[in-house]
Every structure is written in C-alpha cells, then in structure tokens.
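Worksheet: the structure to be examined is printed underneath.
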C-alpha cells in the first residue's frame with residue numbers, strides 16, 4: 001500500500017508492479033472499504049430499513065450481476081447484446097428444473113446454471129466472427145426470441161411456471177428478504193471483484209483491444225474469435241448465475257419474468273453508468289433503481305392531480321423517463337456516471353485548487 | 001457551472017435520494033382501523049389494458065361503498081376500505097416487491113387479475129396469511145387455500161367447456177357428419193400452452209377431433225391457418241388469443257368469406273373486439289362470459305349489479321368507452337365486500353385481519369351473485385374457483401346478446417407442479 005493515508009493531488013506512484021496493481025492504494029481507501037463492507041452487512045439490522053428496502057437492494061444486486069456480465073461483453077469487448085434477459089432465463093430455468101426435478105440444492109445448481117447459460121451464449125456468439133454492430137445486435141435479439149419460444153412451447157412446465165426451493169445452508173432457510181440479503185450481497189461482491197480483476201488481466205486487455213480496433217488487435221496476434229467467444233461466455237455465465245439467484249429468491253420460476261424489455265433495461269443501466277467501467281455499472285444500477293422508485297411515487301400523484309392524463313399514464317411515465325435517460329446520457333454524457341464520478345474524485349482531490 | 005461543480009451537485013442529489021428512500025415507504029397510520037385492500041397490477045406491459053380495468057373496477061366499487069354507504073357494516077360496527085395500488089410492470093419480482101410494500105402498509109386483503117402474479121405471489125400471501133381475491137387464478141394458486149377466484153374457472157377449462165357445449169349442440173342436431181370436427185387457432189402467448197394443457201386426452205375422451213393452428217403474435221394475416229381449418233372440415237373455431245389476434249382472425253375470415261362460426265376465449269371479451277375491430281367486423285362473433293357483459297343492449301334487461309357497474313363507469317370514466325374487464329374488477333370488489341361483511345358478523349372491526357376475513361368471511365361465501373352480475377359463487381374448503389358457470393354470447397348490430405343459456409364449466413385443474 002502507498003505510504004500515505006490520503007490520495008495526494010500528484011497521484012500515487014508505485015515503485016513495484018505489485019503495488020501498482022493494487023485496487024486499494026491508500027490507507028484511507030482501505031478503511032473506507034472495510035467500513036462500507038461492515039455497513040453492507042449490518043444494513044438489515046438498522047432502523048428504517050424495511051423488508052421493502054431490502055427487496056430493492058436484493059433486486060439491485062441481482063441486476064448488478066447481470067449488468068456486470070453485459071458490460072464485459074458490450075462495454076469492454078464492444079459486442080452489442082440486446083438479449084441478455086434470455087440468457088438470464090436459461091440460467092433461471094436450468095437451476096429451477098435441476099432443483100424441482102432432481103432435488104439438487106442451490107449450491108450445485110447455480111454453477112450448472114451459469115455453465116448452461118454460458119454454453120448457450122457461446123452458441124449465439126458464434127456469428128460474432130463475421131458480424132458487428134447492428135447485425136450482431138440483431139443476432140442477440142434473435143436469441144431472445146428463439147429462447148423465449150423454446151421456453152414457451154418446448155416445455156409445458158416452463159410455460160406454466162413452477163415453484164423452486166429456497167436457498168438453504170444447514171438448517172437455515174433463506175426464504176425472506178432479511179435472510180436472502182446475505183446471499184445476494186456476497187454474490188454481488190464476489191462477481192464484482194472477479195469482473196474488476198478480469199478486466200485488469202490478459203483477457204480483459206484483449207477485450208479492450210478488440211473493442212477499440214479489432215483489426216489492429218488481430219494484427220497484434222490476438223485471436224479475436226476466441227476472445228469474443230470468451231466474452232460471450234463470461235457475459236452469459238454472469239447472466240446464468242443471476243438467473244439462478246433470481247428464481248431461488250422468488251421461489252418461483254416463470255417465463256414472464258424474462259422479457260425483451262428487461263434486456264433493454266439492462267442496457268440502459270450500463271449506458272447510464274458508463275460503458276467499459278465496473279464502477280459505472282454499480283452507479284448505473286443504483287441510479288435506475290432509485291429513479292424507478294421515485295417514478296412509482298410521482299406517477300400516481302401526477303395521474304390523480306392532472307385530470308387530462310388518461311388512466312395508467314402515471315405508470316407510463318416510467319417507460320418515458322427511463323427511455324429518456326438513455327437518450328440524455330448518450331447525448332450529453334456518453335461516458336456515463338462513471339466519468340462524472342471520476343471528475344468528482346479529481347475535483348475533490350485537488351480542492352481547493354482548481355487544477 | 002464548471003464540469004467539476006456539476007459533478008458535485010449530481011452526486012449530492014444522488015446521495016440525498018438514496019438516503020431519503022426509507023422515508024418514501026409508507027407505514028399504516030391513523031387511529032381508525034380500516035380494512036386495507038392492496039392491488040398489484042401491471043399498469044405497463046402487455047396486459048396493462050386488462051389490469052388497469054380490473055384495478056379501476058375494484059377501486060371504484062370499494063370507493064362507492066365508502067362514500068355512498070359509509071363503509072361496510074357489521075354487527076359491532078362499520079369499517080371503511082382503504083385501497084392501495086402498486087404497479088408491478090408485469091414483472092413477478094416487482095410484484096413481490098409490491099407485496100412487501102403493501103404488507104408494510106397494513107394490507108389485509110390482496111387483489112389483482114393476473115394468473116402469473118397469482119402463482120408468483122402464492123408463497124408470500126400464504127406465509128403472510130393474506131387472502132387473495134383474483135379475477136385470474138394461475139396454475140398453482142388454483143390449489144391454494146388462500147386464493148379466491150371470481151372470474152373464470154381455470155384457464156384450462158375455457159376450451160374444454162366450449163368443446164362440451166359444441167358437442168351437446170351437435171348431439172341435439174342429430175350428430176350430423178358422423179364425427180364432430182372442431183378447430184382452434186392460437187397465438188404464441190404465454191397462457192396458450194396452459195389453455196391447451198393435455199387437451200388431446202380430453203378430446204379423445206369426448207370422441208371428437210380437434211384441429212389446431214397457430215398464428216404468430218403480431219401477424220396481420222391468418223388466412224393460411226383458416227384455410228387449413230376449413231379444408232379439415234371444422235364446424236366451429238375457437239380463437240385462443242387476445243383482442244388484437246382476434247381482430248386479425250376476423251379480418252382474414254371476412255376476406256375469405258369464411259362462414260364457420262368463431263368463438264373468442266375469455267382472454268379477451270367481445271367488448272374488446274368490438275372496440276378494436278368495430279361492430280361490423282365483429283358481427284356474428286361469439287364469445288364466452290362468466291358475468292354479464294357491459295354492452296348496453298336495449299333488448300336485455302340489466303341486473304342490479306350490471307346497472308350499478310354501468311353507473312360507476314359513467315361517473316368515473318365519462319370520456320372512455322365501457323370495458324368488460326371493468327366488471328371483473330367490480331366483481332372482485334363485491335366479493336371482497338361480501339367477505340368483509342360476513343366476517344364482521346363474527347369479529348369486531350378492531351380484530352379484523354386477513355386471517356379472520358378468510359375464516360369468517362370468504363370461507364362462508366355461498367350463493368353470492370354480485371346483485372345478479374354473475375351466477376352463484378360458493379367457496380368450498382377444497383374449491384375456491386368461484387363461479388363455475390359460463391354463457392356464450394354473440395355480436396349482433398354492435399351489441400352482444402346471448403346465444404346459449406348459462407351452463408356449468410368443466411373443472412379440470414392443471415397439476416400443481
């Protein structure tokens with residue numbers, strides 16, 4: 001760790017590679033990280049933190065895992081994916097069916113769910129060898145449609161929906177938000193840590209190279225097809241694990257929970273947070289989650305007090321505002337909240353000096 | 001403002017909104033013990049039209065009771081209904097969030113009109129001991145002791161009941177043709193596999209033939225499917241689709257001059273089809289109703305319940321065309337009110353909760369018709385399906401009129417797991 005408690009305006013300069021590679025560079029950062037972890041783990045015990053708030057946090061944690069995978073593929077590797085929800089569905093139903101039909105517990109099914117989603121993701125990632133941009137996006141859209149159709153007509157049980165056992169450790173059953181919180185948060189932390197380190201490693205650098213200029217990357221000796229497929233595999237593995245968490249949290253597996261609209265929401269989250277940034281993913285998920293709750297409060301008030309609004313218009317505000325957010329951020333701040341966060345940090349570190 | 005200051009402001013706003021989130025959750029307040037009815041509906045998404053109407057119907061009826069009747073009277077006092085709503089956006093996880101929020105606000109009874117939500121929330125309302133009154137029970141919730149239906153008798157019974165009706169008409173006509181051949185045309189919507197669950201076995205038991213065709217959702221032409229059904233010699237066709245799909249089928253049938261009668265399943269009502277396609281297109285189209293339709297046919301005398309429903313619609317939605325699913329919501333509200341009224345005969349207002357309303361209220365509902373809006377609703381210990389009677393109607397000159405008497409529905413239940 002740097003021999004300083006705070007982040008000096010001149011920056012941290014390491015004299016060893018090992019020190020330079022640390023994520024936590026100063027003592028202050030270490031203390032704040034530990035404090036944040038403690039805060040996270042005692043949160044359910046705090047006053048005013050109701051079951052509803054914990055549910056929101058759990059939902060955000062699961063969305064974070066999904067969006068981390070999506071950002072690895074889309075943000076870091078530059079391969080647009082608008083069918084992420086379908087891969088979440090693959091993981092969800094894999095986990096649910098293994099649990100329901102064969103009695104496998106969550107601790108076995110979540111890995112298998114991730115692997116199953118990754119296998120399907122790699123299959124749909126094969127066109128990426130020739131397709132880019134909009135054309136690849138349409139392929140992933142095709143994945144969403146095809147996988148939904150298979151779930152609807154391929155297996156009656158997936159169309160009907162079925163119950164799933166809750167997560168258990170010994171005699172502890174995680175069937176309430178207060179308990180499941182301690183499953184969702186560690187998963188989110190581990191997956192975030194893994195994603196952060198992955199992007200600082202060789203595959204991560206290869207993804208960035210492919211995103212920035214795939215021809216140049218190929219010219220440097222990077223096997224772009226292999227790394228694109230790896231990116232698809234990682235992205236969909238994340239989606240599969242999140243799907244498994246989701247069904248064991250809801251204790252119900254249902255087709256209607258995985259729609260194209262959800263895929264769009266995940267994309268909006270990483271647009272708002274910032275492509276190619278792990279911190280941005282976290283900020284984007286929190287921002288959209290909080291924004292949705294604000295709209296839930298404002299929507300009915302607007303509908304009740306503005307007589308010219310038709311029935312249901314208040315709820316429609318959600319779609320308008322969330323969609324509008326994507327447009328605003330792409331136009332005004334394409335680097336997302338992550339960039340704003342970096343500007344804030346720079347401002348804070350230099351304060352009271354301007355530069 | 002410089003970029004840095006803007007960043008600082010944005011983050012202060014974000015932090016403030018996060019910290020203020022606990023303040024936005026509601027908590028039950030006030031000294032009076034109202035009965036809290038929570039509604040979780042998809043106000044956005046593919047089923048928003050139906051859900052909005054159901055929510056509106058139950059809310060308008062319960063508000064009417066509060067305002068016009070002063071609440072619901074019991075032996076030891078009166079209670080008013082406090083109606084709370086939550087938008088699930090047609091997402092099961094959000095529906096569960098909504099349940100948690102409404103529960104924190106003191107919810108005693110849950111209501112909605114969504115099979116998916118009925119199933120996804122089953123563990124929640126059973127654990128919380130909060131009865132559900134729903135216009136649409138799902139697969140698992142049809143078996144639940146805490147779920148009370150007030151609309152159809154289970155999605156798998158719609159086509160079965162229609163087949164039974166067609167067979168009886170065919171037998172009355174002297175079994176022309178030797179074997180009865182029926183057809184069904186479906187769209188690829190999530191409920192379709194449930195509606196057709198094991199229907200081949202049922203068809204075999206009935207000794208008839210069923211020809212099935214599918215049209216993709218969003219298609220604008222169903223002619224090939226209808227042509228194949230015609231070539232197969234079907235006598236009648238059952239349309240398992242929403243109103244949009246039904247209009248496409250009707251348009252295609254009209255362009256082919258197909259005279260085979262078509263019947264709409266309860267996934268959409270004739271009123272929806274008339275609104276969307278127009279009375280001319282819908283002429284001769286048949287449909288099934290589990291309650292009286294909203295259509296103001298001058299030849300048919302409305303029941304007291306229907307007259308009340310029409311009045312509430314005109315009062316609360318004067319500029320909009322009447323919608324049949326509004327009646328579904330009205331009926332939910334009526335069942336809720338009846339359950340609370342019965343419970344108040346045994347339990348004083350301050351002791352009322354979900355469990356008491358279930359035990360002393362809903363479980364005692366017998367022969368309830370909603371002022372003539374539907375046939376008898378009786379809940380038995382192992383059967384909370386609701387009205388098990390259906391009637392078929394046909395569109396004539398823009399109105400709907402009955403084409404059959406009330407008849408019992410089949411009572412098949414899809415296995416729970």
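Values computed for the structure shown
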{"item": "Helices (runs of 4 or more DSSP H) fully within the stretch B:191-256 counting 3 or more residues that are at pLDDT 90 or above", "result": "B:199-206, B:223-231, B:243-255"}
{"item": "Single match in B:243, B:232, B:267 (criterion: without any contact (Cβ under 8 Å) to a residue 60 or more places away in the chain and surrounded by 16 or more Cβ atoms within 10 Å (Cβ to Cβ))", "result": "B:243"}
{"item": "Residue under evaluation residue A:208, criteria (1) within 21 Å of the chain's Cα centre (by Cα); (2) part of a loop (DSSP other than H, G, I, E, B), criterion not met", "result": "(2)"}
{"item": "Where residue B:153 falls short, out of the listed (1) modelled with pLDDT under 90; (2) at the interface with another protein chain (Cβ under 10 Å from one of its Cβ atoms)", "result": "(2)"}
{"item": "Check on residue A:123, in a helix (DSSP H, G or I) and surrounded by fewer than 24 Cβ atoms within 10 Å (Cβ to Cβ)", "result": "yes"}
{"item": "Where residue A:38 falls short, out of the listed (1) within 14 Å of chain B (Cβ to nearest Cβ); (2) loosely packed, with under 14 Cβ neighbours inside 10 Å; (3) in a helix (DSSP H, G or I)", "result": "(1)"}
{"item": "Of all residues in the stretch A:1-31 being at pLDDT 80 or above and touching a helix residue (DSSP H, G or I) at 6+ places or on another chain (Cβ under 9 Å), the one that is nearest to residue A:351 (Cα to Cα)", "result": "A:25"}
{"item": "Residue list for the stretch A:126-143, restricted to those being loosely packed, with under 14 Cβ neighbours inside 10 Å and in a helix (DSSP H, G or I)", "result": "A:129, A:133, A:134, A:135"}
{"item": "Residue count, the stretch A:346-355 (criterion: away from every other protein chain (no Cβ under 11 Å) and surrounded by 15 or more Cβ atoms within 10 Å (Cβ to Cβ))", "result": "0"}
{"item": "Top-ranked residue in the stretch B:77-101 [being in a strand (DSSP E or B) and under 25 Å from residue B:342 (Cα atoms); ranked as nearest to the other protein chains (Cβ to nearest Cβ)]", "result": "B:85"}
{"item": "Residue satisfying condition, being farther than 24 Å from residue A:58 by Cβ, facing chain B (nearest Cβ under 8 Å) and free of Cβ contacts under 8 Å to residues at least 12 places away in the same chain, within set A:309, A:343, A:319", "result": "A:343"}
{"item": "Subset of the stretch A:271-306 that is part of a helix (DSSP H, G or I), farther than 23 Å from residue A:55 by Cα and at pLDDT below 85 - its residue that is farthest from the other protein chains (Cβ to nearest Cβ)", "result": "A:305"}
{"item": "Checking residue A:331 against (1) farther than 30 Å from residue B:115 by Cα; (2) within 12 Å of another protein chain (Cβ to nearest Cβ); (3) in a helix (DSSP H, G or I), the condition it does not meet", "result": "(2)"}
{"item": "Candidate set: the stretch A:147-162, residues that are closer than 20 Å to residue A:263 by Cα and in contact with a helix residue (DSSP H, G or I) (Cβ under 8 Å, 6 or more places away or on another chain); chosen: the one nearest to the other protein chains (Cβ to nearest Cβ)", "result": "A:159"}
{"item": "Within the stretch B:55-65, tally of residues that are more than 11 Å from residue B:334 (Cα to Cα) and touching a strand residue (DSSP E or B) at 6+ places or on another chain (Cβ under 6 Å)", "result": "1"}
{"item": "Matching residues, the stretch B:102-121, being facing chain A (nearest Cβ under 8 Å) and buried (at least 24 other Cβ atoms within 10 Å of the Cβ)", "result": "B:116, B:119, B:120"}
{"item": "Matching residues, the stretch B:294-307, being in a helix (DSSP H, G or I) and either under 19 Å from the mean Cα position of the chain (by Cα) or within 14 Å of residue B:111 (Cα to Cα) (or both)", "result": "B:305, B:306"}
{"item": "The stretch A:164-196, subset farther than 21 Å from residue A:113 by Cα and in contact with a helix residue (DSSP H, G or I) (Cβ under 8 Å, 6 or more places away or on another chain), residue modelled with the highest pLDDT", "result": "A:196"}
{"item": "Candidates B:311, B:329, B:305, B:287, filtered to the one that is surrounded by fewer than 22 Cβ atoms within 10 Å (Cβ to Cβ) and touching a residue at least 40 places away in the same chain (Cβ under 8 Å)", "result": "B:305"}
{"item": "Options A:253, A:242: the member that is modelled with pLDDT of 95 or more, within 14 Å of another protein chain (Cβ to nearest Cβ) and in contact with a helix residue (DSSP H, G or I) (Cβ under 8 Å, 6 or more places away or on another chain)", "result": "A:242"}
{"item": "The lone exception for residue B:325 - which of (1) within 18 Å of residue B:49 (Cβ to Cβ); (2) in contact with a strand residue (DSSP E or B) (Cβ under 9 Å, 6 or more places away or on another chain) it fails", "result": "(2)"}
{"item": "Qualifying residue in the stretch B:73-83 (condition: closer than 28 Å to residue B:242 by Cβ, touching a residue at least 40 places away in the same chain (Cβ under 8 Å) and assigned by TED's automatic domain parsing to the domain that holds residue B:354)", "result": "yes"}
{"item": "Odd one out for residue B:260 among (1) over 24 Å from residue B:389 (Cα atoms); (2) touching a helix residue (DSSP H, G or I) at 6+ places or on another chain (Cβ under 7 Å); (3) in a helix (DSSP H, G or I)", "result": "(3)"}
{"item": "Subset of the stretch B:131-146 (residues that are away from chain A (no Cβ under 14 Å) and either over 25 Å from residue B:376 (Cβ atoms) or in contact with a helix residue (DSSP H, G or I) (Cβ under 6 Å, 6 or more places away or on another chain) (or both))", "result": "B:131, B:132, B:133, B:134, B:135, B:146"}
{"item": "Subset of the stretch B:102-130 [over 24 Å from residue B:80 (Cβ atoms), part of a helix (DSSP H, G or I) and either touching a helix residue (DSSP H, G or I) at 6+ places or on another chain (Cβ under 9 Å) or free of Cβ contacts under 8 Å to residues at least 12 places away in the same chain (or both)]", "result": "B:115, B:116, B:117, B:118, B:119, B:120, B:122, B:123, B:124, B:127"}
{"item": "Check on residue A:113, modelled with pLDDT of 95 or more, farther than 28 Å from residue A:272 by Cα, surrounded by 16 or more Cβ atoms within 10 Å (Cβ to Cβ) and under 21 Å from the mean Cα position of the chain (by Cα)", "result": "yes"}
{"item": "Residue within the stretch B:316-333 that is in the same structural domain as residue B:379 (by TED's automatic domain parsing), outside any loop (DSSP other than H, G, I, E, B) and more than 21 Å from residue B:110 (Cα to Cα) present", "result": "yes"}
{"item": "Residue within the stretch A:76-86 that is within 14 Å of chain B (Cβ to nearest Cβ) and part of a helix (DSSP H, G or I) present", "result": "yes"}
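The values are calculated or read from the model by the stated rules, or taken from the named source; none is laboratory data. Being a predicted model, the structure only gives us computed values, none of them experimental. Counting neighbours? That spans all protein chains shown, and the Cβs are built from the backbone with ideal geometry, glycine included.
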